[in-house]
Structure formats: C-alpha cells, structure tokens
Amino acid sequence: MTVKIAIIGAGHMGRVHAQNLRRDDRVQIVAIGDIVPANAEKAAAEYQCAACTSLDDIFAHKPDAVYVTTPNALHLEPVIAALDRGIHVFSEKPMATDLREARQILDEVERTGLIYQIGFNRRFALVYKFAKDRIAQGFVPLSANVKMNRGELLNPPWVGNTALTGGFLYESTIHLLDMIRWLMGEVVEVYCRAEANVYKELDDFSAILTFDSGHHAVFSSCAHSTWAFPFERIELYGEHAAIVTEEMEKVTYSPGLGQQILTHDCFQLSAAEKWGYVEEDRLFVDALMGEGFPPVKALDGYRAVELAEAMYRSAKSGKPVRLPLEA
Ligand SMILES: NC(=O)c1ccc[n+]([C@@H]2O[C@H](COP(=O)([O-])OP(=O)(O)OC[C@H]3O[C@@H](n4cnc5c(N)ncnc54)[C@H](O)[C@@H]3O)[C@@H](O)[C@H]2O)c1
C-alpha cells in the first residue's frame with residue numbers, strides 16, 4: 001500500500017521534504033503546487049508528479065495527505081481546506097501566526113480526528129534527542145540558557161515582511177520555544193524585553209521563562225547576528241551536571257563533578273539527518289500507514305504560538321505575562 005502525498009509550496013522546505021518522501025517506498029508524490037507556476041513546474045519535473053497552481057488543482061489529485069510549506073502566514077488556508085476534505089496534514093512551522101488562527105486549526109484537528117503534524121524537526125535532531133534521553137534517564141534541568149539567533153531577515157525575501165512571517169519570533173526562534181518546553185515543561189510565565197535595532201520590527205529579545213516546576217530559564221533571540229556560530233545553543237544545568245548543545249552539530253554532557261565529559265559530534269551526518277528532517281518525515285508516513293501516532297501534535301504547535309505571543313505581549317506591556325493565554 002502507498003500513500004498519496006501532495007506538497008503545497010515548492011520552495012526550500014517543500015524540496016527538503018520531497019527529497020525525503022521520494023526515498024520512501026510507501027509514498028507516491030502526486031502533485032506539487034506553488035503560486036508561482038515556474039516553481040511548481042520545476043519541482044514537479046524533478047519529482048515526476050503534477051504541477052499545480054491552485055488548491056483545487058492539488059485536491060483534484062486526491063492526495064491522502066498534504067505538506068504545507070508556504071510562508072508562515074499562509075498556512076491557515078491550505079491546512080483548513082485539506083482538513084475539511086478529510087486530508088491529513090503535515091504543516092511547516094509555525095502552526096499559525098496568531099493565537100486565534102492557531103486555535104482554529106487545533107479545533108479543526110480535534111473535530112476531524114485527522115493526522116496533523118507540525119514541523120518541529122529539532123525534536124528529531126540528534127543533539128536534542130540526546131538531551132531528552134538524558135532527562136528521561138534522570139538528569140533534572142534546574143535552569144537553562146537558551147539562544148536562538150538568525151543571521152538576517154533578508155533571505156528568502158519574505159522573512160523580512162511581518163505580514164508574511166507574523167514577526168521574527170515566528171521564524172527560527174519558535175523552534176527553540178518548542179524545544180525548551182519539550183525539555184523543561186510547560187511555561188507558566190514570560191517576562192520579555194525587546195527592541196527594533198536593525199530592522200523595522202522587534203529583532204532583539206531577552207526573556208525569562210518560568211516553568212510549571214517553578215524553575216526558570218533565560219532565552220535570547222537576535223535577528224541580525226550573521227550566521228557565525230553560535231546561533232543556536234541550549235545549556236541545561238542540573239545538580240553539578242550540564243548538557244550543552246552547539247547548533248545541531250555537537251552535544252556535550254557533563255554528568256558530575258570529577259567525572260568524564262562525553263561529547264557526541266554529528267559533523268559527518270547529512271544536514272537532513274542531523275537536523276531531524278529524515279526522521280520527522282518517516283514518522284509522519286508511519287502515522288499515515290497506521291503504524292504510530294504523529295510525534296509532534298497540534299497542541300504542541302498551539303503552545304509554541306502561545307509562547308511567541310506571550311513574548312510579544314510582555315515586550316509590549318513591559319510586564320510579565322502569565323500562560324495559558326486567552327485565545
Ligand atoms: N523546519 C525548518 O527547519 C524550516 C526551515 C526553513 C523554513 N521553514 C518554514 O517552511 C515554510 C516555507 O519556508 P521556505 O524557506 O521553504 O520558503 P521559500 O520561500 O523557499 O518557499 C515558499 C514557497 O511557497 C510559495 N508560495 C507562496 N505563497 C503561496 C501560496 N499561497 N500557495 C502556494 N505556494 C505559495 C512561494 O512561491 C515559494 O516557492 C515557512 O513556514 C518557514 O517558516 C522551516
């Protein structure tokens with residue numbers, strides 16, 4: 001049995017997923033759609049499927065599931081249209097760019113009972129899986145220092161347009177907002193300062209996140225750092241123990257005073273593997289085949305949007321913001 005998959009958005013991420021799906025014998029890519037006909041045609045020729053320029057065209061190919069890989073603010077329409085037709089969805093992050101839209105998707109997923117997976121690929125990146133495993137084995141993160149930068153808001157051009165991104169926090173930053181709640185638990189309060197330094201939108205954030213455990217973490221995010229390392233880093237501190245990730249390249253575990261330090265280096269793995277894309281796509285197809293459940297759920301997508309929204313609200317008001325937020 002094969003599952004028929006269509007991809008909506010033939011840009012960078014549409015191709016990343018298409019490459020993984022092409023290698024999976026259980027998948028037939030039936031169509032690739034893009035609002036720019038040349039993009040759709042080029043990708044369709046490469047992946048030997050139909051080129052489409054509208055949602056109706058895509059749905060005419062009767063996919064069992066769609067990948068939504070359009071710019072951030074353009075996820076809602078294709079996601080809801082697919083769910084309404086009984087089609088399962090993999091959506092790139094963010095789920096949506098405001099809480100009301102995220103709630104609309106969450107409600108629709110719950111109502112239809114269809115599979116919806118959000119593209120928080122870092123949960124399958126080896127460095128973060130290592131951290132999660134250590135926590136499962138007893139490492140307790142008591143505090144943390146988290147950094148998620150972007151080199152620029154220039155490429156692709158729409159990342160500088162808040163009408164399409166929803167704001168910088170909905171870009172790469174949202175990955176580590178999801179990651180820190182995955183590693184340390186639900187966030188109950190956010191206190192955030194932000195400034196617009198290089199771009200016309202808020203592009204420098206410093207926040208203190210408090211978790212339901214009572215522990216807290218420092219979270220910073222800058223949109224204009226260049227791509228020099230470190231742009232993505234988590235330092236988790238336990239009782240005389242630490243886990244430190246460096247990009248998705250390397251993770252270091254210091255289990256205790258006077259003990260040997262372990263390092264895993266992912267340098268030689270392909271980007272698609274070390275960034276977690278291969279595994280997230282395989283697990284989505286597993287779920288479509290009835291061989292498992294989607295590993296990152298609609299509620300995770302919603303909580304990450306809520307956290308980004310809480311950071312914006314706190315930055316605007318200058319006051320701590322409690323979560324959950326009223327949708
Ligand atoms: N998980 C990750 O690591 C990761 C990395 C990069 C981007 N992303 C996310 O993936 C999504 C796509 O980003 P990208 O880097 O591939 O962007 P991109 O600009 O390379 O590709 C987006 C494509 O969507 C097309 N498009 C725009 N509006 C459309 C519409 N209404 N219908 C159909 N197609 C439309 C564009 O023409 C373009 O070809 C974004 O939500 C982004 O946040 C995720």
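None of the figures in this text is laboratory data; all of them are computed from the coordinates on show. It should be emphasised that the depicted structure is a prediction, and the values quoted were computed from it without experimental measurement. Neighbour counts run over all protein chains shown; Cβ positions are idealised from the backbone, glycine included.
Okay, here's what the table says:
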item	result
Under DSSP loop assignment and at most 13 Cβ neighbours within 10 Å, longest chymotrypsin sites (Phe, Trp or Tyr not before Pro)-free interval of the chain	1-226
Percent RCO, i.e. relative contact order, over the chain, from Cα pairs under 8 Å lying at least 6 residues apart	19
Rounded tilt (10° steps) of 37-47 against the dominant C-alpha axis of the chain	90
Exposed-loop-free span, longest in the chain, where trypsin sites (Lys or Arg not before Pro) count as exposed if DSSP calls them loop and at most 12 other C-beta atoms lie within 10 Å	24-199
Ellipticity estimate at 222 nm from DSSP helix runs (n ≥ 4, -39,500 (n - 2.57)) divided over the chain, nearest 500	-10500 deg cm²/dmol
Cross-link reach list, lysines versus Lys200, counting only Cα pairs under 29 Å and skipping chain neighbours closer than eight places	Lys93, Lys147, Lys316, Lys319
Angle in degrees between helix 298-317 and the longest Cα principal axis of the chain, rounded to the nearest 10	60
Candidates Asn155, Asn72, Asn39: whichever shows maximal mean-square fluctuation once the chain is modelled as a Gaussian network with Cα springs under 10 Å	Asn155
Helix 126-136 axis, angle to the chain major axis (alpha carbon atoms, nearest 10°)	60
Average Cα contact separation per residue, region 86-197, under 8 Å, 6 or more apart, as relative contact order %	28
Reachable aspartates and glutamates from Lys129, criterion Cα separation under 12 angstrom, eight or more residues apart if same chain	Glu279
Over region 164-292, relative contact order from alpha-carbon pairs under 8 Å, at least 6 apart, %	11
